[in-house]
1. Sort out which residues of region 114-133 are part of a helix (DSSP H, G or I) and either surrounded by 12 or more Cβ atoms within 10 Å (Cβ to Cβ) or touching a helix residue (DSSP H, G or I) at 6+ places or on another chain (Cβ under 6 Å) (or both), and write them in order of number.
2. For region 71-87, enumerate the residues that are loosely packed, with under 14 Cβ neighbours inside 10 Å and in a loop (DSSP other than H, G, I, E, B).
3. Under 7 Å by Cβ, and 6 or more places apart or on different chains, what pairs join a residue from region 133-162 that is under 23 Å from residue 74 (Cα atoms) with one that is part of a helix (DSSP H, G or I) and at pLDDT below 65?
4. Return yes or no: is residue 55 without any contact (Cβ under 8 Å) to a residue 60 or more places away in the chain, assigned to a helix (DSSP H, G or I) and on the phi > 0 side of the Ramachandran plot?
5. Can you tell me which of (1) touching a helix residue (DSSP H, G or I) at 6+ places or on another chain (Cβ under 9 Å); (2) surrounded by fewer than 15 Cβ atoms within 10 Å (Cβ to Cβ); (3) in a helix (DSSP H, G or I) is the one residue 10 doesn't meet?
6. Condition first: part of a helix (DSSP H, G or I) and either over 23 Å from residue 150 (Cα atoms) or at pLDDT 95 or above (or both). Can you find one or more residues in region 88-98 that meet it?
7. Determine which member of the set 50, 33, 46 is surrounded by 13 or more Cβ atoms within 10 Å (Cβ to Cβ), within 18 Å of the chain's Cα centre (by Cα), in contact (Cβ under 8 Å) with a residue 60 or more places away in the chain and not in a loop (DSSP other than H, G, I, E, B).
8. Surrounded by 10 or more Cβ atoms within 10 Å (Cβ to Cβ) and more than 17 Å from the chain's Cα centre (by Cα): does that describe residue 101?
């Protein structure tokens, strides 16, 4: 049996700093979005994805995959967004089991009003604290981590599609 490759003291400090910072950042952004728009950060992310999609519409399976959440969690989130009038569900004509989520005009307006405060919260919490060189380094680091974690099988993180 192989001995675990334990983290060095410096790696352990870095790992704990990363966990602490990302937890604080997510909490900060959640509180800002709850205060300004009455929604959690995950819902804001879903609205952004829909706003950037062609015709402001995506298949629910693609939305779940891109958001890295289960279909069950997505379904609950979309139900809440529908209740607010920000998203509408549509049946897929070519696949009776499939559904689309569409950003409504009201949802787009909420996003338009909320985005400036959200980007300011991101800027103050993260980018204003870094030098331009650190921003560049952080971007390179996050791209390297994301590339290393990207599944080679596009459906690997979607077991319900198998």
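The values are calculated or read from the model by the stated rules, or taken from the named source; none is laboratory data. Note that the structure is a prediction, hence the values are computed from the model and not measured. All Cβ positions, even for glycine, are placed from backbone atoms using ideal geometry, and neighbour counts span all protein chains on display.
1. Answer for region 114-133, where residues must be part of a helix (DSSP H, G or I) and either surrounded by 12 or more Cβ atoms within 10 Å (Cβ to Cβ) or touching a helix residue (DSSP H, G or I) at 6+ places or on another chain (Cβ under 6 Å) (or both): 114, 115, 117, 118, 120, 121, 122, 124, 125, 127.
2. 85
3. Between residues of region 133-162 that are under 23 Å from residue 74 (Cα atoms) and residues that are part of a helix (DSSP H, G or I) and at pLDDT below 65, the close pairs are 155/161.
4. When the stated conditions are applied, residue 55 passes them.
5. Only one criterion is unmet by residue 10, namely (1).
6. no
7. When all the criteria are applied, what remains is 33.
8. No.
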